Amino acid sequence: MHSRAYFLLERDFQELKENNFKGITAFPVSEDLMEWGADIEGLQNTFWHGLFFQLKINFISQYNLVPPVVKFLTIPFHPNVDQNTGRACIDILDDPDKWNTSYTLSSILLTLQVMLSNPVLENPVNLEAAQMLIKDESLYKQEVLRLFNQPTQLRNNSPEFPKDQDKLIRSTKAISFNDYYKTWSGIATSKATEYYRSPLLEDPNFVVEYYKWKKAELQHPKEWNLK
């Protein structure tokens, strides 16, 4: 028997497919839907556009009463992303009291997409990135692009968290979800134009195979990176 979380994630998946948000792809990589992969492209009209970032999303059976664990596998040089763990520091993910059951996978991914080009500098988890952005924005952009071409990625055989995980969570300063809400509600929630829609996505056989390819890519990133 499937859990409540399973049916909610099916709903979230349907929402993603119906809206076809530009620059966002998400797909389950486990049969119980508790583990997902995602790709996010930076927003148009920003220097992040054209940069794609892989993420890993883990849910538990208590979803959506609690938030998922979201980490960048391709870690951006960004004030609000921990450069060691890939953890995005947003309060709805770090503080269960800030989580709301109205949030969906779409709203999380849209928030992260906008976060890339709209960093909050008050409580940066990556202090080096924040200081560089404040001092010299053009230099910061160059560094983002340089590091993107030589990305720091989490590997299956690499430790993702220190042993004392509770200490890590407490020491991470989260940024407010509300800081982004007004921005992405007017930009990122709009549906993609027909130019960006692909008829292949309407083919269920293609969709199934696509998720298999993406799962293989996440599990064996070196073999899939042919650049």
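The values are calculated or read from the model by the stated rules, or taken from the named source; none is laboratory data. Please read all numbers here as calculations on a predicted model, not as lab measurements. So basically every Cβ, Gly included, is an ideal-geometry build from the backbone, and we count neighbours across all protein chains shown. Areas reflect the complete protein model, heavy atoms only, side chains present, ligands, DNA and RNA absent. Shrake-Rupley method; radii C 1.70, N 1.55, O 1.52, S 1.80 Å.
Keeping to region 24-49, report how many residues are closer than 30 Å to residue 137 by Cβ and either in contact with a helix residue (DSSP H, G or I) (Cβ under 6 Å, 6 or more places away or on another chain) or not in a loop (DSSP other than H, G, I, E, B) (or both).
11
Which one of these is aromatic (Phe, Trp, Tyr) and open to solvent by less than 20 Å² (accessible area, probe 1.4 Å): 47, 53? Full working, then the answer.
Values: 47 fails: open to solvent by less than 20 Å² (accessible area, probe 1.4 Å).
Unique residue meeting the criteria: 53.
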Would you mention how many residues in region 80-117 are on the phi > 0 side of the Ramachandran plot and aromatic (Phe, Trp, Tyr)?
-> 0
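Criterion first (within 18 Å of residue 9 (Cα to Cα) and within 10 Å of the chain's Cα centre (by Cα)) does residue 110 satisfy it?
Taking the combined requirement at face value, the residue satisfies it.
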Would you check which residues across region 12-23 are assigned to a helix (DSSP H, G or I) and in contact (Cβ under 8 Å) with a residue 60 or more places away in the chain and list them?
-> 12, 13, 15, 16, 17, 19
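Residues that are surrounded by fewer than 14 Cβ atoms within 10 Å (Cβ to Cβ) and at pLDDT 95 or above: find the helices (runs of 4 or more DSSP H) completely inside region 66-159 holding 1 or more of those.
In region 66-159, the matching helices (runs of 4 or more DSSP H) lie at 127-135, 137-149.
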Out of curiosity, is residue 12 touching a Phe, Trp or Tyr at 6+ places or on another chain (Cβ under 6 Å), within 17 Å of residue 112 (Cβ to Cβ), acidic (Asp, Glu) and open to solvent by less than 40 Å² (accessible area, probe 1.4 Å)?
-> no
Which one is nearest to residue 28 (Cα to Cα) among residues in region 50-65 that are part of a loop (DSSP other than H, G, I, E, B) and under 15 Å from the mean Cα position of the chain (by Cα)?
-> 59
